[in-house]
Amino acid sequence: MRCRRCGDKAEIYLKRHNAAFCSDCFQVYYSEQVRRNIRREKMFGPKDRVLVVVSGGKDSMALWHILLKEGYDVTAMYINLGIGDYSERSQEVVERFSEEHEAPLIVKNIEKEYGLNIPWLAREIRRSTCSLCGTIKRYLFNKVALDEGFDVVATGHNLDDEAATLLGNVLSWQEGYLARQSPVLPSTHPKLVKKVKPLFTLTERENLAYVLFNGISFIHEECPHALGASSILYKEVLNKLEEASPGTKQRFLTNFLKKGRKNFEACSETPDLRECSICGQVTTAEVCSFCRLRQMAEKKKMKADSQPQKDENL
Ligand code: Q46
Ligand code: ZN
């Protein structure tokens, strides 16, 4: 098979575009997609300071690399969530990339800096690990962006992620979520930073090809808590549909964004936002969910410390 642009030997075939590319021309295609997404969706401009959320996985590493290559003012942020070896190995990956590319990186460790240990907390307060993780990540990305003067937070969500989220929301008719699903989440409060997804039209496979063609290291395994997530099942279903009818995922998402979403606009409630009485971050309650988590963790620790140690000889 020959490359569609230059006629050289092709290294990747994109069924949904019925196009094959050599590695150089694939990168031209990839860069054009990212540039078009940023421009069309008015995500950010050359003067904006962009905080890129990185996990060490292929998607966020691809995003970090392409935004640096495109000359944007980019700083990456990694949160060590204390999820065993997975967190340690992914931190090593992002730190190595930062050193090799002389790219600024902010690292936060939730246990060391905030006394939060997600697996312990999930057991103690009987809440799912992913729900705790989501609360902590959303809070810290916004807080760091705000404190450090960033204009926008960019994440590596890809076409597969966005189509799976859309399918999940459609299956349970989550009208409020459908109204808000977008590659750009504008700021709705002076203390909420705009969030964008520049890779929303690129698939997991295309991001994988991008990192492999560029020799970028990434952590191959998924977070152990992703196993069994419904999003994985939705991705499998969508992959089957894509196999039978190439382009399904993209049509599903882009047609929803163009035509479907407006039907849910009326379902989008504007919550009453205020500032957390403890930390000052934006919340809908008196105390934000992050500060409530910290309070719960403190209480649980104090209780555990005050209980007499069991005599192991009894
Ligand atoms: S939410 Fe859950 Fe992910 Fe957090 S605990 Fe892992 S799988 S990392 S996107
Ligand atoms: Zn707070």
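The values are calculated or read from the model by the stated rules, or taken from the named source; none is laboratory data. From a predicted model like this one, the values you see are computed outputs, not experimental measurements. Neighbour counts run over all protein chains shown; Cβ positions are idealised from the backbone, glycine included. Note: areas computed on protein heavy atoms with side chains; ligands, DNA, RNA excluded. Shrake-Rupley method; radii C 1.70, N 1.55, O 1.52, S 1.80 Å.
Some values worked out for this structure:
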| item | result |
| --- | --- |
| Failed criterion for K112 (all others in (1) modelled with pLDDT of 95 or more; (2) more than 16 Å from ligand 2 (Cβ to nearest atom); (3) open to solvent by 30 Å² or more (accessible area, probe 1.4 Å); (4) of a type outside the set (D, E) hold) | (1) |
| Residue count for the stretch 254-289, restricted to those that are surrounded by fewer than 14 Cβ atoms within 10 Å (Cβ to Cβ) and β-branched (V, I, T) | 2 |
| Filter pass, G56 being modelled with pLDDT of 95 or more, away from ligand 2 (no atom under 16 Å from the Cβ), open to solvent by less than 40 Å² (accessible area, probe 1.4 Å) and not hydroxyl-bearing (S, T, Y) | yes |
| Neighbours by Cβ (under 7 Å, 6+ apart or cross-chain): first from the stretch 133-161, over 20 Å from L116 (Cα atoms); second in a helix (DSSP H, G or I) and open to solvent by 20 Å² or more (accessible area, probe 1.4 Å) | V153/F141; G156/D59; N158/D59; N158/E204; L159/Q250; D160/E204; D160/K235 |
| In the stretch 234-260, the residues that are of a type outside the set (K, R) and at pLDDT below 95 | G260 |
| Some residue of the stretch 273-282 being under 29 Å from T165 (Cα atoms) and among the hydroxyl-bearing types (S, T, Y) | no |
| Search result, residues across the stretch 117-148 that are of a type outside the set (D, E, K, R) and not in a helix (DSSP H, G or I) | N117, S128 |
| Residue satisfying condition, being within 23 Å of the chain's Cα centre (by Cα) and not polar (S, T, N, Q), within set H17, H65 | H65 |
| Number of positions in the stretch 219-258 that are in a loop (DSSP other than H, G, I, E, B) and more than 22 Å from T129 (Cβ to Cβ) | 3 |
| Residue satisfying all of: in the stretch 123-170; over 18 Å from the mean Cα position of the chain (by Cα) and of a type in the set (D, E); modelled with the lowest pLDDT among these | E124 |
| Search result, residues across the stretch 77-116 that are charged (D, E, K, R) and outside any helix (DSSP H, G or I) | E102, K108 |
| Conditions (1) within 17 Å of the chain's Cα centre (by Cα); (2) open to solvent by less than 30 Å² (accessible area, probe 1.4 Å): number failed by I216 | (1) |
| For K303: the one exception among (1) free of Cβ contacts under 8 Å to residues at least 40 places away in the same chain; (2) out of contact with any helix residue (DSSP H, G or I) (no Cβ under 6 Å at 6 or more places or on another chain); (3) open to solvent by less than 100 Å² (accessible area, probe 1.4 Å); (4) in a helix (DSSP H, G or I) | (3) |
| L105 vs. criteria over 30 Å from R292 (Cβ atoms) and of a type outside the set (V, I, T) | no |
| Residue within the stretch 266-273 that is more than 16 Å from ligand 2 (Cβ to nearest atom) and either among the polar types (S, T, N, Q) or touching a strand residue (DSSP E or B) at 6+ places or on another chain (Cβ under 7 Å) (or both) present | yes |
| Where a residue in the stretch 46-58 is on the phi > 0 side of the Ramachandran plot and its partner, wherever it lies, is in a loop (DSSP other than H, G, I, E, B) and at pLDDT 95 or above, with Cβ under 9 Å and at least six apart | G56/S217; G56/F218; G56/I219 |
| Failed condition for R292, given (1) open to solvent by 90 Å² or more (accessible area, probe 1.4 Å); (2) in contact with a helix residue (DSSP H, G or I) (Cβ under 6 Å, 6 or more places away or on another chain); (3) within 16 Å of ligand 2 (Cβ to nearest atom) | (2) |
| Close pairs (7 angstrom Cβ cut-off, 6 or more residues apart or separate chains): closer than 24 Å to F26 by Cβ in the stretch 205-233, β-branched (V, I, T) and crowded, with 17+ Cβ neighbours inside 10 Å anywhere | A209/I12; S217/V93; F218/V93; F218/V211; I219/V93 |
